[in-house]
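Here, each number is a calculation from the coordinates, and none is a lab measurement. Note that the coordinates shown come from a computational prediction; the quantities given were computed from them, not determined experimentally. Neighbour counts are summed over all protein chains in view; Cβ atoms, including those assigned to glycine, are modelled from backbone coordinates with ideal geometry.
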């Protein structure tokens, strides 16, 4: 099963869509222009149903096959990032301070190419829902669409997602059963001490000293509480305190992120952070307020669905081009919310030797578009069979 010649024949059109979307990036839920572009294409292709405004600005197209079968969902994200683009391409962002630095323009173009093919051929059974989601970049757009009745309004037996990966060769794929991307939690620890003159520290309760001890102690969570074979990242990324040289301040603030590939690791990190704060507060005579926000869950692939996706990718790209035990990423992905509701799988597609994601010089590699669109087509045909 090589690349779809029908997809290859419209490659230049898919590239055109991708570059048009790249030039007009939008952030989080404010993707009205992008959503309108997508909805217009889906209607022109002949989707049986096109609905907009789901989860504020999400778009869903429904494509029905020629016989009975399963209903599945193929998902793409739509939003860009607040980054000033430095690629210098002719189709670079026309909006200052915004760019598609994560490849969501390519994700949309691949799914649009597959949607066009499926609408034209109807050579599958069951129903394919193509979902274009806002606010993946920190806004939990997947959760918003689910809360807006996504899976009740559009019957779904399984869900599938895909993300490009710089450093992986174009034409290759990666997948794995179980965790493939991490949960993404954030913490802010406010140390409330007693300020005073720096020359008479004995009259103060120094929040900077307590905060420094806190930073040191937090590094022991991974080193001494987590099984070395498990994956957990705890990073302190901010420390704010003080305002002049000769004053001990009243407060200090320490904040950072926790990434885990398991629910147990996630729970352990939160528990230990709270225990460490209580101990250091007592030792230094200060109070420490803990704000711990659980954000995106672990992106957890169903084993059977991951195997199915790997087989489809191998048929498209060749088995040597598929990593069936891809290394998981400690970055997060809100497709995880969809996988909590329905079985499915998330895969990586190679973007070649590009700049890294979320980099001002990143660009999606147009050569990957036909591979991604062909993968979606074949996955739709296989996964909808009753």
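Rounded to the nearest 10 degrees, the inclination of helix 263-284 to the longest alpha-carbon principal axis of the chain is 20 degrees. Spin-label model, residue 224/residue 360: points 7 Å from Cα along the beta carbon direction are separated by 4.2 nm. Between residue 6 and residue 199, the modelled labels are 8.4 nm apart [label points 7 Å from Cα along Cα→Cβ].
Just to be sure I understand the curve: with the Debye formula and one point per C-alpha of the chain, what is log10 I(q)/I(0) at q = 0.09 Å⁻¹? Ignoring solvent entirely, the Cα scatterers give -0.57. To the nearest ten degrees, helix 32-45 and the longest principal axis of the Cα atoms of the chain are 20 degrees apart. Among 94-100, 55-61, the peptide with the highest mean count of other Cβ atoms within 10 Å heads the list, and the full ranking is 55-61, 94-100. Exposure proxy shown here: for 187, 346, the number of other Cβ atoms within 10 Å sets the order, fewest to most, as 187, 346.
First measure r as the distance between the Cβ atoms of residue 367 and residue 243, then evaluate 1/(1 + (r/R0)^6) with R0 = 41 Å and state the FRET efficiency to the nearest 0.05. Here the calculated transfer efficiency is 0.20.
Sorting 351-358, 133-140 by their mean Cβ neighbour count within 10 Å, with the most densely packed peptide first, gives 133-140, 351-358.
The shape of region 183-293 can be summarised by an equivalent ellipsoid whose semi-axes, obtained from the alpha carbon gyration tensor, come to 29, 12, 11 Å from longest to shortest. Per-residue packing, averaged as other Cβ atoms within 10 Å, sorts the ranges 320-326, 103-109, 69-75 into the order 103-109, 69-75, 320-326, beginning with the highest. Working from Cα positions, state the angle (0 to 90°, nearest 10) between the long axis of helix 104-121 and the longest principal axis of the chain. Taking the Cα atoms of the chain, the angle to 104-121 is about 30 degrees.
The helix-only estimate of mean residue ellipticity at 222 nm for the chain, built from DSSP H runs of length n ≥ 4 each weighted as -39500 (n - 2.57), is -11500 deg cm²/dmol after division by the residue total.
Computed from the C-beta positions of residue 43 and residue 274 and an R0 of 41 Å, the FRET efficiency is 0.20 to the nearest 0.05.
Taking one quarter of the surface of the convex hull spanned by the alpha-carbon atoms of region 239-339 gives a direction-averaged projected area of 10.2 nm².
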